[in-house]
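In what follows, a structure is listed as structure tokens, so that the remarks can point back to it.
Values in this text are rule-based calculations from the coordinates and carry no lab data. What you see is a predicted model; the values in this text were computed from it and never measured. Glycine also receives a Cβ, built like all others from the backbone with ideal geometry; neighbour counts cover every protein chain displayed.
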Amino acid sequence: MKSGRDAAGARGEGPRRRGLCVLCVLCGLPAAGKSTFARALSHRLRQERGWAVGVVAYDDVMPDVFPQEASARPLPSQWKLLRQELLKYLEYFLVAVINGCQMCAPPNRTEAMWEDFTTCLKHQGLLSSAAREGQSGYLLTETVVSGPLILILDDNFYYQSMRYEVYQLARKYSLGFCQLFLDCSLETCLQRNGQRPRALPAETIHAMGRKVEEPHPGKNAWEHNSLTIRGSAGPSETSPEVTDLLLTALENPVKHVEDDAEQKETDRFICSTNVLHQADQMLRRVVSQTMKEAKDEQVLPCSLKLLAEDLNKLKAEFLEDLRQGNRKYLCSPQTMDTADVLSFFHYEKESIVRKYFSKQRSDF
């Protein structure tokens, strides 16, 4: 059998692969059935279409990076860094596929996660089990270089910004991009989760259900290749629609250079995401400082608890309003300065603080 490099060179597969690769984002709540759906879809595409298919389940690649004790659960900021690192691994693989060469290991990597990532690709027949003696890279298999490649990314992807990072990767290399959203009821997800050996806390799923941002093709041009699958429908029931979506993505790779209209939308999306992130960080600091001053004022413990609940509720409502542009003085996140956000929050915080602090605290 020829190596990935030899096979690609013989066919001239390198640059042509840009139009023969799709990044398919599979998103939905925990226990919505994504992993089962992904496995069945991968099997069907291999059998019926003869395509090379790889399923990258984030839960399978990242969990061994941290100790298993509940007390050692990673912080959200740590998960974000790991997600970005995993995207970098995917990019290294895609570069090898596009150029028909070996996949090199990133110089800066988390060894446990890199090992799980390469093992995932080997088990699905996308990488050879070992490179030649004396080589540090990983060889592509004949399957990868001989036809279309579908990479299914299996994760919750409940924020648009998470999915947009994958879209940016597709745009960088002119690849196909699409989204499959499994819309399963919260009750069903909670029931299935409760039957798992390592179940998530129910509150985690409730919180994610409140935050989930479904694909919005009518609003975001970059999400136009999206399909929502309702209830517990599997790949067999939705096969024509899913296949059509993947074929559309294959035949219409994302353009590396976008037109002005889409670039402006992209800029607005990035601006909105940045402002929301900055606002969240600022409001957290304000709440923390307010609670510190409440303790200095010797506010009773029972009142401290109520104050914290009121401030956190205000912060959550404020960020959601900012995200949706609901309040009349927050016309849209795109036109909002972070200083204005902080000023408006301080203004509304006043009415809450007055209930707990003495009237002499005029500085609040």
Inset, instruction - Could you rank the peptides 347-355, 193-201, 153-161, 207-215 by their average count of other C-beta atoms within 10 Å per residue, with the highest value first? - result: 153-161, 207-215, 347-355, 193-201
Inset, instruction - Tell me the label-point distance for the pair ALA199, ASP296, using the 7 Å Cα-to-Cβ offset, in nm and rounded to one decimal. - result: 4.5 nm
Inset, instruction - Enumerate the amide H contacts of CYS104 below 5 Å, restricted to partners 5 or more residues apart or on another chain; note that Pro and chain-start residues carry no placed amide H. - result: TYR138
Inset, instruction - Hey, can you grab everything whose amide H is under 5 Å from the amide H of THR228? Only 5+ residues off in sequence or another chain; H modelled, so Pro and N-termini drop out. - result: PHE181
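Grab the beta carbon distance between SER343 and ALA308, set R0 = 25 Å, and tell me the FRET efficiency rounded to 0.05.
Details: r = 22 Å, r/R0 = 0.89.
That gives a FRET efficiency of 0.65.
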Inset, instruction - May I ask you to derive the FRET efficiency for ASN252 and ARG49 from their Cβ-Cβ distance with R0 = 22 Å, giving the value to the nearest 0.05? - result: 0.80
Legend entry - Across LYS219/LYS292; LYS88/LYS255; LYS34/LYS172; LYS255/LYS313; LYS219/LYS349, pairs whose alpha-carbon gap is larger than 31 Å: LYS219/LYS292; LYS255/LYS313; LYS219/LYS349
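Between SER146 and THR36, what is the FRET efficiency for a Förster distance of 45 Å, r being their Cβ-Cβ separation, to the nearest 0.05?
The calculated FRET efficiency here is 0.95.
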